[in-house]
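The values are calculated or read from the model by the stated rules, or taken from the named source; none is laboratory data. Not measured: the values here are computed from a predicted model. Cβ placement follows ideal geometry from the backbone for every residue including glycine, while neighbour counts extend to all protein chains displayed. Accessible surface is based on the protein model in full, side chains and every heavy atom, while ligands, DNA and RNA are left aside. Shrake-Rupley method; radii C 1.70, N 1.55, O 1.52, S 1.80 Å.
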Amino acid sequence: QVRLVESGGGLVQAGGSLRLSCAASGSIGYIYDMGWYRQAPGKERALIASIGSGGTTTYADSMKGRFAISRDNAKNTVWLQMDGLTPEDTAVYYCKADVRVNIWSRNDYWGQGTQVTVSS
């Protein structure tokens, strides 16, 4: 019904930048909030940032400054710009979309996750 496909992850040196993309497709009536999360080995999945359909953004305190979230409603796409990366940013990054499929169904959908590895 709804699929989120991520891209842009990979290996980067400390101090470098990456831009992650996530495009939603399928039976989409409307997308409310979209967000980015990450999960490092041995840790729980944690919120990085979210963005509403009107462009209002929310950032986790620990992620402020270096990361920026944006979206294009017409393309059902959300991006995460990451600058000044450190090895502590190494994790699997996931996107999420709050989607109204039809009158009867509204649910969160998750991407498959993309690995980001930051080397020293």
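Do the conditions hold for Ile69, that is, is it more than 14 Å from Val99 (Cβ to Cβ) and either assigned to a strand (DSSP E or B) or open to solvent by 30 Å² or more (accessible area, probe 1.4 Å) (or both)?
Numbers: more than 14 Å from Val99 (Cβ to Cβ): yes; either assigned to a strand (DSSP E or B) or open to solvent by 30 Å² or more (accessible area, probe 1.4 Å) (or both): yes.
Here the answer is yes, as Ile69 does meet what is asked.
Residue-by-condition table, conditions (1) under 18 Å from Met34 (Cα atoms); (2) out of contact with any strand residue (DSSP E or B) (no Cβ under 8 Å at 6 or more places or on another chain); (3) touching a residue at least 12 places away in the same chain (Cβ under 8 Å); (4) among the small types (Gly, Ala, Ser):
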site: Asn76; (1), (2), (3), (4): yes, no, yes, no
site: Gln81; (1), (2), (3), (4): yes, no, yes, no
site: Ala91; (1), (2), (3), (4): no, no, yes, yes
site: Cys95; (1), (2), (3), (4): yes, no, yes, no
site: Val99; (1), (2), (3), (4): yes, no, yes, no
site: Gly111; (1), (2), (3), (4): yes, no, yes, yes
site: Thr114; (1), (2), (3), (4): yes, no, yes, no
Hey, Tyr37 without any contact (Cβ under 8 Å) to a residue 60 or more places away in the chain, among the aromatic types (Phe, Trp, Tyr) and either surrounded by 20 or more Cβ atoms within 10 Å (Cβ to Cβ) or farther than 26 Å from Ser119 by Cα (or both) or not: yes
Enumeration of residues in segment 30-63 that are of a type in the set (Phe, Trp, Tyr) and closer than 27 Å to Ser105 by Cβ: Tyr30, Tyr32, Trp36, Tyr37
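Considering segment 6-22 alone, what residues qualify as being more than 14 Å from Asp89 (Cα to Cα) and open to solvent by 40 Å² or more (accessible area, probe 1.4 Å)?
To start, the set of residues in segment 6-22 that are more than 14 Å from Asp89 (Cα to Cα) comprises 6-8, 21-22.
Correct list: Ser7 only.
For the condition over 15 Å from the mean Cα position of the chain (by Cα) and closer than 27 Å to Gln1 by Cα, what is the one hit in Ile51, Ile28?
Values: Ile51 fails: over 15 Å from the mean Cα position of the chain (by Cα).
None of the other options fit; the residue is Ile28.
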